[in-house]
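Scroll down for the structure; my scribbles are underneath it.
Since every read-out is calculated from the coordinates, none of them should be taken as a lab result. All of these numbers come straight from a predicted model, not from anything done at the bench. Virtual Cβ from ideal backbone geometry, glycine too; neighbours counted across all protein chains shown.
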Number of protein chains: 2
Amino acid sequence: MATKNYKVEGMTCGHCELSVQEEIAEIVGVTAVKADHVSGAVTVEGDGFDDAAIASAVKEAGYKLV
Amino acid sequence: MATKNYKVEGMTCGHCELSVQEEIAEIVGVTAVKADHVSGAVTVEGDGFDDAAIASAVKEAGYKLV
């Protein structure tokens, strides 16, 4: 099980955190995800997912992986 | 049918607008509501609702009528 840290741009509130978390949680291999709109930090736990899938999920939620 | 304009503090994104709109839309007498997080403006159409109900709905959504 690995933990990876990402930075997401554009989250402004708790609703935004939930949107990002919901999209990332749908990725196969992801077992946990936590987003923080203040710092932009998104922590993802799991195995077998790649950065491209995370970037795509973040975009789907309406934000940008930086 | 009357239109009343309110100012709400704390909305930061489109999700926030939706939260405020959903709570206000539940008030009896309200027929339309539009919130704008940039200006904080909330426009409510309808009849028979009062400011206290709007304030209560805004608070329920997690924001503050100013």
| field | Matching residues, region B:1-35, being more than 15 Å from A:Gly14 (Cα to Cα), within 14 Å of chain A (Cβ to nearest Cβ) and either without any contact (Cβ under 8 Å) to a residue 24 or more places away in the chain or part of a strand (DSSP E or B) (or both) | value | B:Val8, B:Glu9, B:Gln21, B:Ala35
| For the subset of region A:27-54 comprising residues that are under 10 Å from the mean Cα position of the chain (by Cα) and over 17 Å from A:Ala2 (Cβ atoms), which member is surrounded by the fewest Cβ atoms within 10 Å (Cβ to Cβ)? | A:Asp36
| If the Cβ limit is 9 Å and pairs must be 6+ apart or interchain, which residue in region A:38-65 that is free of Cβ contacts under 8 Å to residues at least 12 places away in the same chain pairs with which residue that is assigned to a helix (DSSP H, G or I) and crowded, with 17+ Cβ neighbours inside 10 Å? | A:Ser56/A:Glu23; A:Lys59/A:Glu23
